[in-house]
Amino acid sequence: MASIFTKIIHREIPAYIVAESDSCIAFLDIFPLAEGHTLVVPKVETDLIFDLTPNQLTELSLFAQKVGKAIHKVFPYKRPAIAVIGLEVPHAHIHIVPINFASELSFSNEKLKLSQERLTEIAESIQKEYLKLT
């Protein structure tokens, strides 16, 4: 059975996509820890990130770097927090979360409740900055 991320990749369910390459896709987390919280996902459905081939992991990392730079242009923050957890969805992915303090990265923190309009605005802003980097 395809993961929810594979369904997003195939456009079977909607998402707030901020960037895409031949091998990766990035979209907003709809239950974000902070505005700009983005998931970076390889298009190949692989459960564990370290089961990706070296080339796939490199592509994912370089793609995440560009996405992170685009997020920083939209949301000036002290650090891009990077987390690889993957307990919720059995599809390798990287969380990029804009933070100013380490405590902001706790996934036990209350999630933001953003409107569809705000999510669309954020996605379009990050996408615009991402396109400048390509």
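The values are calculated or read from the model by the stated rules, or taken from the named source; none is laboratory data. Source: prediction; values computed, not measured. Positions of Cβ are generated from backbone atoms using ideal geometry, with glycine treated the same way; all protein chains shown enter the neighbour counts. With ligands, DNA and RNA removed, areas are computed over all heavy atoms of the protein, side chains included. Shrake-Rupley method; radii C 1.70, N 1.55, O 1.52, S 1.80 Å.
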For the stretch 105-134, enumerate the residues that are of a type outside the set (S, T, Y), loosely packed, with under 13 Cβ neighbours inside 10 Å and in a loop (DSSP other than H, G, I, E, B).
N109, E110, K113
Every listed condition ((1) in contact with a strand residue (DSSP E or B) (Cβ under 9 Å, 6 or more places away or on another chain); (2) loosely packed, with under 13 Cβ neighbours inside 10 Å) holds for I71 save (2)
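For (1) open to solvent by less than 20 Å² (accessible area, probe 1.4 Å); (2) among the β-branched types (V, I, T); (3) assigned to a loop (DSSP other than H, G, I, E, B), each residue gets a yes or a no:
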site	(1), (2), (3)
A2	no, no, yes
K7	no, no, no
A19	yes, no, no
I30	no, yes, yes
V44	no, yes, yes
F63	yes, no, no
A81	yes, no, no
Only one of (1) open to solvent by 60 Å² or more (accessible area, probe 1.4 Å); (2) not in a loop (DSSP other than H, G, I, E, B) is not met by P90, so which one is it?
(2)
Can you tell me which condition F75 does not meet? The list is (1) in contact with a Pro (Cβ under 8 Å, 6 or more places away or on another chain); (2) at pLDDT 95 or above; (3) farther than 20 Å from I8 by Cβ; (4) not small (G, A, S), and all the others hold.
(2)
When both residues are 6+ apart or on different chains and their Cβ atoms are under 7 Å apart, which pairs have a first residue that lies in the stretch 27-43 and is closer than 16 Å to K73 by Cα, and a second that is among the acidic types (D, E)?
A34/E104; H37/D29; T38/D29
May I ask you to list the residues in the stretch 46-56 that are open to solvent by 20 Å² or more (accessible area, probe 1.4 Å), part of a loop (DSSP other than H, G, I, E, B) and in contact (Cβ under 8 Å) with a residue 40 or more places away in the chain?
T46, D47, L48
Going by the conditions given, is A102 open to solvent by less than 20 Å² (accessible area, probe 1.4 Å) and among the aliphatic types (A, V, I, L, M)?
no
